Each structure stands twice: as structure tokens, then as C-alpha cells.
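Below is one structure, written out as C-alpha cells; the observations come after it.
The values are calculated or read from the model by the stated rules, or taken from the named source; none is laboratory data. Everything quoted here is computed from the prediction, not taken from an experiment. Don't worry about glycine lacking a Cβ; one is built from the backbone with ideal geometry, like all the others, and counts go over all protein chains shown. For accessibility, only protein heavy atoms count, side chains too; no ligands or nucleic acids. Shrake-Rupley method; radii C 1.70, N 1.55, O 1.52, S 1.80 Å.
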Amino acid sequence: MHLQESGEMYLETIHLLTQKMGVVRSIDICEHMGYSKPSVSRAMGLLREGGYIVVEKGGHIVLTDAGKEIAEKIYNRHTLLSKFLISIGVAEEIAVEDACKLEHHISDETYLAIKNHMNL
């Protein structure tokens, strides 16, 4: 199953919220992303069907190994691209917003070139 940009965003959000709060529920995702309960519920169903998440007792959402791999990849891209854009003079708020758009579309080759350029 090919994951769309929105799916990657959900996985990244689950990853971030898990680091911040320990356990994540759908309502936490709704509040963080500003999406409706039905939208998040549908997305969680698709991610569960795709094998990216597991919903445990109590509604706790946990990333599978496959989900975690994608979430960490997107998060790392976001972090690096934000730093890169800031380093070339882009205002932090704009850099973070632009990095969010770029992280889903940039090729591995370009990402690695930026990473090497930044000595990371």
C-alpha cells in the first residue's frame, strides 16, 4: 500500500505525540492537527488496514515497525529541512512550514545531499 502525504502526516503526528505524551488517542490527534473526529477515525482505519498502526485497549494508538520507520523518516526530513532553510536565511516560522511541504516530496538523493552539505 502506497502511503499518501496525509498518511505520512498522521504517522509523524502519532510519533511526535507518543514522544511527548507516552500514549496517543484519536482525540489527541484531532486536537494536535485540528481535524474532525470522523476524519481522524477514517485515517486511523486506513493506517490500521495498511499495517502502520495498532489500536490497543483503551483506544491507544501505537505505531507498528513499518509505521515507525516512515514516521521517523518524515520527522528527520522535517527537522533537517527546517534547519537547512533557517541556515540560508529563511525565517523560522516559514522554514518550519515549508519543510513540512518539502519533506514529503524531496528525493532521497536531494535529501542526502542537503544532509551531507550540513555535515549531519
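If you check Ile61, Ile74, which single one turns out to be modelled with pLDDT of 95 or more, surrounded by 15 or more Cβ atoms within 10 Å (Cβ to Cβ) and under 15 Å from Gly7 (Cβ atoms)? Write out each step before concluding.
Details: Ile74 fails: modelled with pLDDT of 95 or more.
Selected residue: Ile61, the only one of Ile61, Ile74 that is modelled with pLDDT of 95 or more, surrounded by 15 or more Cβ atoms within 10 Å (Cβ to Cβ) and under 15 Å from Gly7 (Cβ atoms).
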Apart from one, (1) in contact with a His (Cβ under 7 Å, 6 or more places away or on another chain); (2) modelled with pLDDT under 95; (3) under 20 Å from Leu3 (Cα atoms) all hold for Val23; the odd one out is (3)
Taking the range 28-56 and keeping only residues that are part of a loop (DSSP other than H, G, I, E, B) and closer than 18 Å to Gly67 by Cα, one is left with Gly50, Gly51, Tyr52, Glu56
Taking the range 28-43 and the residues there that are of a type in the set (Ser, Thr, Tyr) and within 12 Å of Ser6 (Cβ to Cβ), the one that is surrounded by the most Cβ atoms within 10 Å (Cβ to Cβ) would be Tyr35
With the first residue restricted to the range 17-38 and required to be β-branched (Val, Ile, Thr), and the second required to be part of a loop (DSSP other than H, G, I, E, B) and open to solvent by less than 100 Å² (accessible area, probe 1.4 Å), Cβ contacts under 9 Å at 6 or more apart or on different chains are Thr18/Val24; Val23/Glu56; Val23/His60; Val24/His60
The one condition His104 fails out of (1) under 19 Å from Met33 (Cβ atoms); (2) part of a helix (DSSP H, G or I) is (2)
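Please enumerate the residues belonging to the range 80-120 that are small (Gly, Ala, Ser) and either open to solvent by 90 Å² or more (accessible area, probe 1.4 Å) or without any contact (Cβ under 8 Å) to a residue 12 or more places away in the chain (or both).
Gly89, Ala91, Ser107, Ala113
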Note on the range 99-114: residues over 14 Å from Tyr75 (Cβ atoms) and touching a helix residue (DSSP H, G or I) at 6+ places or on another chain (Cβ under 6 Å) are Ile114
Within the range 1-27, restricting to residues that are among the β-branched types (Val, Ile, Thr) and more than 13 Å from Ala71 (Cα to Cα), the one that is surrounded by the fewest Cβ atoms within 10 Å (Cβ to Cβ) is Ile27
